[in-house]
Amino acid sequence: MSGDIRLEQERIRPALGVNDLTGQTAASWYVAMRSDALKDKPVAIKLFGQPLVAWRNASGQPVVMERYCSHLGASLAKGKVVEGCIQCPFHNWRYDSTGACSHVPGHSTAVPRLEPIPPTARQAVYPTTERYGFVWVWYGTQVPLFPVPEMAEAESPRDFMRLSFAYETRTSVLRIIENFYDAQHAAPVHQLPITAFELKLDDESNPPPGQEGLAREGAWFGAGIDFHVERYFGPVGIVSRALGLNMSRMNLHFDGYPGGCIMTVSLDGDMKYRLLQCVTPVDKDETVMHMLLAIKKGSGVARSAANFVLFGLQTWGAAGYDVAIWNNMKSDAGGAFSKYDQLILKYRAFYRRWVNKVAQEQPSPMRDSRADPRRSAHG
Ligand code: FES
Ligand SMILES: [Fe+2]
C-alpha cells in the first residue's frame, strides 16, 4: 500500500459541535416500509420514534398516519379498511387518507338532527408516495421540499438487474449516509486493495441529468471518490480473476440528498451499477438501511450473472461489514478529523441545512395535527 492513503496526523479543526448533528433527522424523504409489505390490511409501523399505522386507500395509494385513534386511543393497526377509509376497531370511527374523520356511527354532518362529527376527530398523516418498491414518507415540513431522488436505471429492467436488501442497525441516520463519503474505511473495512484515492466535490450549480429537481431546491450533494486499485477485492475477486476481469480505477460518484444517496460505480470508466441508499429512521439509534441496486446487464447471460454476483452480492456482503462497525459505535463520539474526512465534513454542513429546515418549520407532522385541516396525505 502506498503512502498516499496513510493517515496524516493533520487535524482539519477541532470541529466543536460537529457531532451534535449525528442524532438529528433532516427534512427529507425516508422509507416507511417496502411496498410488498403493505397489502389490504393496516400495518403497525414506527418512524421517528412515533407509533404509526400504514394502510392503502381505495385507489391503492399508501397512507401513513398516527396509530392511536383520536377518540379513545385504540390502535388503528387493529382495525380494517372499509370503503377506502381506515376503521377503528373500538367504536368504528373512520378516517380518510387526509386524516379527517369521515364517519362516526350515529353522527353525521349531512343530517342536521344528528350530532356532527367532533372537529377534533382527526389523525395526523405524513405526505406519502411510492416508488422503487418502497413506501416513502416526507419528514420535517408540511409540504415536501424536493422530489424523491431520480434513479431511472431502477426502472429499466431491459438493461438493468435489480437487487434490494436491508439491514437493521443500531445507529443514527447520519452515521449511515455519511459512510459513502468516507474513503478511508474502504481498505480496512472492505478490503479494497487501494493504492491511492482522490476526493472530489461537485459544483452545486451543475448537477448531472436526473438530479436537477434536487439541485433546484438545494437538496443535491454531488461528490466523488476515485480509487486506484490493484484488482477486484473480497472473496469474489477469485471469480473475477478467473473470468479475466481486472481493473485499475474505481470511480464512485455520489448524488446525495439529505436522507440518503445514489452511488454510481464505474470501473475503468465503464458504469457498472447504481445503488440507491435510503433509510428508515425507526427511533433513536434504531435505523434500517435499505439498498436498491440497478446492475448493468452484460453481453449474454453468463456475463450478466457474473455482474450480478460481482456487484450485487458483493455489495450486500460489504454493507454487512459497515453495519457491524455502526452497531458498536457511539453515534455522538469522535471529532478529530483528518484531511481525508473532508467529504464527510462537507456532507455534514449540507445535512445541517436540512436539519435546520425542520427546526424552522413544524418539527413533525405529528405536532398540532388536529388543528390543521389542510394537511394532505399525498405529496
Ligand atoms: S377509540 Fe377509535 S373509535 Fe373509539
Ligand atoms: Fe462502507
Seminar exercise, completed: Those residues of the stretch 277-303 which are farther than 22 Å from Ile262 by Cβ and either part of a helix (DSSP H, G or I) or touching a His at 6+ places or on another chain (Cβ under 6 Å) (or both) amount to Val301, Ala302, Arg303
Problem set entry | Flag for Gly210 being in a loop (DSSP other than H, G, I, E, B) and either within 16 Å of ligand 1 (Cβ to nearest atom) or within 25 Å of Asp20 (Cα to Cα) (or both) | no
Exercise. Of the residues Gly23, Gly60, Gly3, Gly17, which single one is modelled with pLDDT under 95, among the small types (Gly, Ala, Ser), within 30 Å of Phe165 (Cβ to Cβ) and surrounded by fewer than 17 Cβ atoms within 10 Å (Cβ to Cβ)?
Worked result: Gly23
Exercise. Any idea which of Val143, Val173 is farther than 30 Å from Glu230 by Cβ and more than 16 Å from ligand 2 (Cβ to nearest atom)?
Worked result: Val143
Exercise. Does the stretch 324-340 hold any residues that are surrounded by fewer than 17 Cβ atoms within 10 Å (Cβ to Cβ), modelled with pLDDT of 95 or more and out of contact with any His (no Cβ under 8 Å at 6 or more places or on another chain), and which are they?
Worked result: Ala324, Asn327, Asn328
Seminar exercise, completed: Here the qualifying pairs (Cβ atoms under 9 Å; residues six or more apart or on different chains; first in the stretch 314-341 and more than 24 Å from Gly224 (Cβ to Cβ) and touching a residue at least 40 places away in the same chain (Cβ under 8 Å); second assigned to a helix (DSSP H, G or I) and of a type in the set (D, E, K, R)) come out as Met329/Arg175; Ser331/Arg175; Asp332/Asp20
Exercise. Just a yes or no: is a residue in the stretch 130-140 farther than 21 Å from Pro281 by Cα, out of contact with any Asp or Glu (no Cβ under 7 Å at 6 or more places or on another chain) and aliphatic (A, V, I, L, M)?
Worked result: no
Seminar exercise, completed: If we ask which residues in the stretch 86-117 are hydrophobic (A, V, I, L, M, F, W, C), modelled with pLDDT of 95 or more and either away from ligand 1 (no atom under 12 Å from the Cβ) or not assigned by TED's automatic domain parsing to the domain that holds Ile45 (or both), their number turns out to be 1
Seminar exercise, completed: Those residues of the stretch 174-215 which are closer than 22 Å to Pro144 by Cβ and in contact (Cβ under 8 Å) with a residue 60 or more places away in the chain amount to Leu174, Ile176, Ile177, Gly210, Gln211, Gly213, Leu214
Exercise. Given (1) farther than 21 Å from Asn251 by Cβ; (2) in contact (Cβ under 8 Å) with a residue 24 or more places away in the chain, where does Glu155 come up short, assuming only one miss?
Worked result: (2)
Exercise. Do we have Thr120 as among the hydroxyl-bearing types (Ser, Thr, Tyr), more than 16 Å from ligand 2 (Cβ to nearest atom) and either in contact with a Pro (Cβ under 6 Å, 6 or more places away or on another chain) or outside any loop (DSSP other than H, G, I, E, B) (or both) here?
Worked result: no
Exercise. For the subset of the stretch 15-74 comprising residues that are assigned to a strand (DSSP E or B) and among the basic types (Lys, Arg), which member is farthest from ligand 1 (Cβ to nearest atom)?
Worked result: Arg34
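The values are calculated or read from the model by the stated rules, or taken from the named source; none is laboratory data. For clarity, every value in this text was computed on a predicted model and none was experimentally measured. Because the Cβ atoms are built from the backbone with ideal geometry, glycine has one as well, and the counts that use them run over all protein chains shown.
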